[in-house]
Amino acid sequence: MTRMGLYCSRCSMQIPFRYQDMKCVCGGTLLVHYDLESVAKTMTKEALWHRSSSMWRYKELLPVSDPDCVVSLGEGWTPLLRMSNWEQKLQLSELWIKREEQNPTGSFKSRGFSVAVSLLKESKVTKAAVPSNGNAASALAAYASRAGIASFVFIPLDCPSLIVEECPLYGASTCLVDGFIHDAAAIIEAGKKDQGWVNVGTLKEPGRVEGKKTMGIELAEQLGWTFPDVIIYPTGGGSGIIGMWKAYLELKALGWIQCDMPKFVCVQEEGCQPIVEGLRSRRNGADRNALPSVQAGITSSPTGMRVPNPPDLDLILSIVEQSGGTAIAVSKQQIAEAGQTLGAQGISSSPEGSATWAGLLTLCDSGWLSPSDSVVLFNTSHAMKYAASGVPDSLPIIKNYEEYLRLRNA
Ligand SMILES: *Cc1c(COP(=O)(O)O)cnc(C)c1O
């Protein structure tokens, strides 16, 4: 077993492995610690050539110790698509999109829940619950059902209806919450003892960060074991940023990659931008205890980026700062236009994925990106999940070709 225990991302204290309660006594987040020497014995660059096209190809760097407990639906190893035309237009050395929408549940949440649910199975847990803006709920529902575990999901009322509908389809007990994701989280915390739920919310357990870590490893492998200069990521709770950062620390510690860490850019939608605000206050000298607490005045759309209180904002900010990255907020309008631009290139992107394109354009305009930069965007889900149910009113309805012609000639 390569999993050794947990360490605190803030004070570095080490403790034995556990699958719940990821807060260190110092307030930092506990992360999984591996025996990298034993990882290196069986996980080599050459050995990977012969492994499955799934994120479990990196099993030595995942925390599940019993292979029979791995719960998989075919997640990971998503395409990395080059956007050559736009490299010239935007004057970038390389521009890539990681197509995370192609995961089994239609979003990159599959990765985190594949690992989280495997750990639940290993620990013989029978009931799991999650607060979610939709994609985490449907991923928990799918993986839990696959593992024979009951799932309970709590989703804000205004979240995309198709994603909500998916949850009972995958067999989850599904409740809509009149509030935000933190209100949904409060329901689970209040009920978990009586109901016997294990909370698999962001940073409540170790598996989701580890699963998202595979995005980082995979990206490095697909780029021939190098890092891109810049990663633009639509950020909500931040487990993807934390996971990819951890991936790169581990790849460096293994001696597989020597180049500089990529710069992490967090993109959020205006109207819920705690990372943008947090970074600004840190630049103005505020310490971690004085970070603004964003609760009121949330006006952004119900997407995975709408997380007013990320569970470890301090860790996200430290990563962004250490990497030399930044955080930006983009408007609804910019996101909608970006979705059209990506759509016109054959790429179905969710608002979160579109936000990374909008962020890219902003950073090109401001001169933050330079012509020598290689940039990777994360398309974390596809447009279909966010479509309204029913046909759009704006589209014409016809019965036959005559009507079509009449319409076109009108
Ligand atoms: C959850 C989610 C995000 C935010 O990801 P984090 O790693 O939690 O910050 C972005 N996009 C989509 C589609 C999501 O479901």
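Model label points for Gln333 and Leu249, set 7 angstrom from Cα along the Cα-to-Cβ axis, are 4.1 nm apart. For Ala129, nonlocal amide neighbours, meaning residues 5 or more places apart or on other chains whose placed amide H falls under 5 Å from its own, are Phe152, Val198, Asn199, Val200. If a spin label sat at a point 7 angstrom from the Cα of Gln14 along the line to its beta carbon, the backbone N atoms of the stretch 20-47 nearer than 11 Å would be those of 33-36.
Do the sum for the chain: with -39,500 (n - 2.57) for every DSSP H run of n ≥ 4, divided by all residues, what is the mean residue ellipticity at 222 nm, to the nearest 500 deg cm²/dmol? Please report the intermediate quantities before stating the final value.
Working: 14 runs with 159 residues, N = 410.
So the calculated ellipticity at 222 nm is -12000 deg cm²/dmol.
Extension gain, Ser389 to Thr341: 0.36 nm times the residue separation minus the Cα-Cα distance gives 15.0 nm. Once a ≥ b ≥ c are taken as the square roots of the eigenvalues of the Cα gyration tensor of the chain, is the result rounded (a/c under 1.5), prolate (a/b larger than b/c) or oblate (a/b not larger than b/c)? Verdict is rounded for the chain. For a test of the definition: using alpha carbon positions, the gyration tensor, and the 1.5 limit on a/c, classify the stretch 114-206 as rounded, prolate or oblate. Oblate, since a/c reaches 1.5 and b/c is not below a/b.
Please give the contour-minus-distance gain from Asp68 to Cys175: 0.36 nm per residue of separation, less the Cα-Cα distance, rounded to one decimal in nm. Don't skip to the answer; put the middle values down first.
Numbers: separation 107, 0.36 × 107 = 38.52 nm, distance 3.16 nm.
Residue separation times 0.36 nm, minus the Cα-Cα distance, leaves 35.4 nm.
Annotation: extensible slack from Asn85 through Ser53 equals 8.7 nm (criterion: 0.36 nm per residue apart, minus Cα-Cα distance). Amide hydrogen proximity for Ser381: with H placed 1.01 Å from N in the peptide plane, the residues at 5 or more positions away or on another chain lying under 5 Å are Glu101, Ser350, Gly353.
The share of accessible area on the stretch 170-229 that comes from carbon and sulfur is 50 percent, using a 1.4 angstrom probe.
Other residues within the sphere of radius under 11 Å centred on the Cβ of Ala129, judged by their own Cβ, net out at +2 (K and R +1, D and E -1). Think of a 1.4 Å ball rolled over the protein heavy atoms: the stretch 284-409 then has 50 Å² of accessible area per residue. Once both labels are positioned 7 Å from their Cα atoms along Cα-to-Cβ, the gap between Trp368 and Ile187 label points is 3.5 nm.
Counting only protein heavy atoms, what percent of the accessible surface of the stretch 10-60 is carbon or sulfur at a 1.4 Å probe? Show your work: numbers first, answer last.
On the way: 1610 of 2840 Å².
Answer for the stretch 10-60: carbon and sulfur cover 57 percent of the accessible area.
Past 18 Å, Cα to Cα: identify those pairs from Lys127/Lys192; Lys212/Lys246; Lys41/Lys98, in the order given.
Working: Lys127/Lys192 10 Å; Lys212/Lys246 10 Å; Lys41/Lys98 29 Å.
Going by Cα-Cα distance, Lys41/Lys98 fall outside the 18 Å limit.
What FRET efficiency, computed as 1/(1 + (r/R0)^6) with R0 = 22 Å and r the Cβ-Cβ distance, is obtained for Ala40 and Gln258, rounded to the nearest 0.05? It comes out at approximately 0.90. If I compute solvent accessible area with a 1.4 Å probe over the protein chains, what percent of it on the stretch 306-390 is carbon and sulfur? C and S fraction of accessible area: 55 percent.
Relative contact order for the chain: 17 percent, from Cα pairs under 8 Å spaced at least 6 residues apart, divided by residue count.
Relative contact order of the stretch 270-383, taken over Cα pairs closer than 8 Å and 6 or more residues apart, is 24 percent. Rounded to whole Å, the principal axis extents of the Cα atoms in the stretch 209-349 read 46, 44, 24, largest first.
To the nearest 20 debye, what charge dipole does the chain have about its Cα centre, counting +1 at the Cβ of each Lys and Arg and -1 at the Cβ of each Asp and Glu? Numbers along the way, then the final one.
Details: 38 positive and 41 negative charges, 108 e Å.
The calculation lands at about 520 debye.
Could you work out how far the C-alpha centroid of the stretch 11-44 sits from that of the stretch 157-176, in angstrom? Each part's Cα centre sits 33 Å from the other's.
Rolling a 1.4 Å probe over the heavy atoms of the protein chains gives the stretch 16-124 an accessible area of 44 Å² per residue.
When you work out D = kT/(6 pi eta Rh) for the stretch 49-159 at 4 °C and 1.567 mPa s, using the Kirkwood radius from C-alpha pairs as Rh and the Stokes-Einstein form, the result is 83 µm²/s.
The values are calculated or read from the model by the stated rules, or taken from the named source; none is laboratory data. Fair warning: this is a prediction, and the values are worked out from it, not measured in the lab. All Cβ positions, even for glycine, are placed from backbone atoms using ideal geometry, and neighbour counts span all protein chains on display. Just so you know, the surface numbers come from the protein's heavy atoms only, side chains and all, with ligands and any DNA or RNA stripped out. Shrake-Rupley method; radii C 1.70, N 1.55, O 1.52, S 1.80 Å.
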